[in-house]
Each structure stands twice: as structure tokens, then as C-alpha cells.
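Let me begin by presenting the structure, written as C-alpha cells, before commenting on it.
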Amino acid sequence: MGRWSTVVAGPFLDWLALPEGLDWLDDGCGSGSFTEVLVSRQRPLSVVGVDPSPAQLAFARQRIGTARASFVDGDAQALPLADASVDVAVMALVLFFLPEPKQGLQELARVVRSGGTVAAYHWDIEGGGLPLEPIMEAVRAEGHQTHRPPSAWAASLDASQDLWCSAGLVDVQTCQIRARRGFDSFEDFWRTAYGSPRLRDLFNSISPTALQRLRDRVLDGLGAVQGAPLVLEAKANAVRGRRP
């Protein structure tokens, strides 16, 4: 997902249109893919990345582009930051993973200074906007169960706007970002599915014949040609608001 997140990051930051030299929080920073784009594009005064995974944080710290950022182990629903300590708090592809999205949003609002920005983007799950949606469709068509994040409902534009308004934020706006990404071939795209633990477990649990049938269904659904370059599109819903 880091490769897709990077594709969305640029248009998202363009939409925010914030000045350089601000203090940022990257909440749920993971491996630092969005953090790296943020540092390059916004030239922030400071960036704090928070994530509960020590392994992800270790990887993020090794990125050359995140040398100016600091990374802290922490929970998005109980951020290890002081009140009113940053100018901008963002979540990239995180909110729908939280058991209590509203609590996570309230934490973002808490750590942002008056007049600061709270923003996020998340895959349009209900609208079929996941990068791996072609594979998920084929998995369902083959009779296998698919799993959605615990708070998939929070990823819609309407739900995002309602959440941001309920947190007391003002000037709340939403938009949808369409991200296109090229792959060297269908095989290049197929390999990305192994980054999903649930899909990887499914692939390892079915017979080689069933796996091949699943691959063929995805290939046919995409209208792709073996060995030829492939361009796919994902959709991300973005939301922003300002703390009074």
C-alpha cells in the first residue's frame, strides 16, 4: 500500500494547500511512505510520526527522506502528544482501521492548535476504490470470504464529513482523489496482493488449481494481457477541517 499511498499523497497535499514551515503530525505513519512525501513537499518545521508498530517505525527511520522527522511508538486513539502541539494533524489510510474512529479524530483535534488543520484520506471502500479491488472481486466470485477493516463505514465522504463536524471542526470539506498507477505487468500487480496477510493466507490455503483459476479470473476481469504493462486506478476519499 505504500506505493499507492505515495501516489495519493501529492494530490492530497496539493488540495490542503498549506504553507511551508509548519509543525505536522503523521498519525499512523507506518513505514513512512507518506511522511517522506510530506517532508519533501511541505518543508515542515517539524514532523512527528506516530505508529503502534516498532517494526514499521524502524523502517520509517531508515528512509533518507524522513531524516528530519521524529517517530514515536503510540496509539492513534491515545496520542503521546501534548494538547495544541502541532499545526497540522493528518491520517493517511488509517481511520478505517480504528475500532473507534471518532475517538481517533478527537485525538487529532486535541493535539492541533487553534486555527490548525485536521485532515485525512482513506480508500473509498464502499465505492470499490481499493487498489486491490479487482482481486477482491474475483475472490468473492470464487466463493471465498473477504474481510473489511473494522470501521470501513468511516471511509465514505458523508461519514467523513459527519465525523469532522461532530468533532467541532469548522470549514469542513471533502473531495475524492483518483489515483492511477502503472505496473510492469499483471504479475507485478498480482504480487502486491501478497502484501495483504489475509489474501496471502487465502492463496496459501487453496489448491494450485484453485489459485490459478482465481488468477485467471482477475486477469480476464482486467482485460489484461500476460506480460504487458498495466495501469490501474484506485479512489481515495479525503476530508479536512479547521480547529476553531
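For region 175-244, the Kirkwood radius over C-alpha pairs fed into Stokes-Einstein at 4 °C and 1.567 mPa s yields D = 90 µm² per second. What translational diffusion coefficient, in µm²/s and rounded to a whole number, does the Stokes-Einstein relation yield for region 98-137 at 25 °C and a viscosity of 0.890 mPa s, taking the hydrodynamic radius as the Kirkwood radius over Cα pairs? D = 197 µm²/s. With both residues required to sit in the chain, DSSP beta bridges show an antiparallel share near 50%.
Would you look at the GNM of the chain, springs on alpha carbons closer than 10 Å, and say which of Asp23, Asp201, Asp73 moves the most? With Cα springs under 10 Å in the chain, the top fluctuation among Asp23, Asp201, Asp73 is at Asp201.
In the chain, helical runs assigned H by DSSP with n ≥ 4 each contribute -39500 (n - 2.57); averaged across all residues and rounded to the nearest 500, the mean residue ellipticity at 222 nm is -11500 deg cm²/dmol. Only helices reaching 15 angstrom along their own axis (Cα) with mean Kyte-Doolittle hydropathy no lower than 0.0 count here, and for the DSSP H runs of the chain these are 2-16.
Please state, rounded to one decimal and in Å, the Kirkwood hydrodynamic radius that region 140-189 gives when every pair of distinct Cα atoms enters the mean of 1/r. One over the average 1/r among Cα pairs gives 14.6 Å for region 140-189. With the biggest extent put first, the Cα atoms of region 56-109 measure 34, 25, 16 Å across the principal axes. Entry for region 1-159 at q = 0.10, 0.13, 0.17, 0.21 Å⁻¹: log10 I(q)/I(0) = -0.36, -0.60, -1.00, -1.46, Debye formula applied to identical alpha-carbon scatterers, no solvent contribution.
Relative to the globular-protein estimate of 2.2 N^0.38 Å, the Cα radius of gyration of region 115-244 stands at 1.27.
Per residue, the Cα convex hull of region 1-83 amounts to 94 Å³.
Here, each number is a calculation from the coordinates, and none is a lab measurement. All values derive from a computational prediction rather than experimental measurement.
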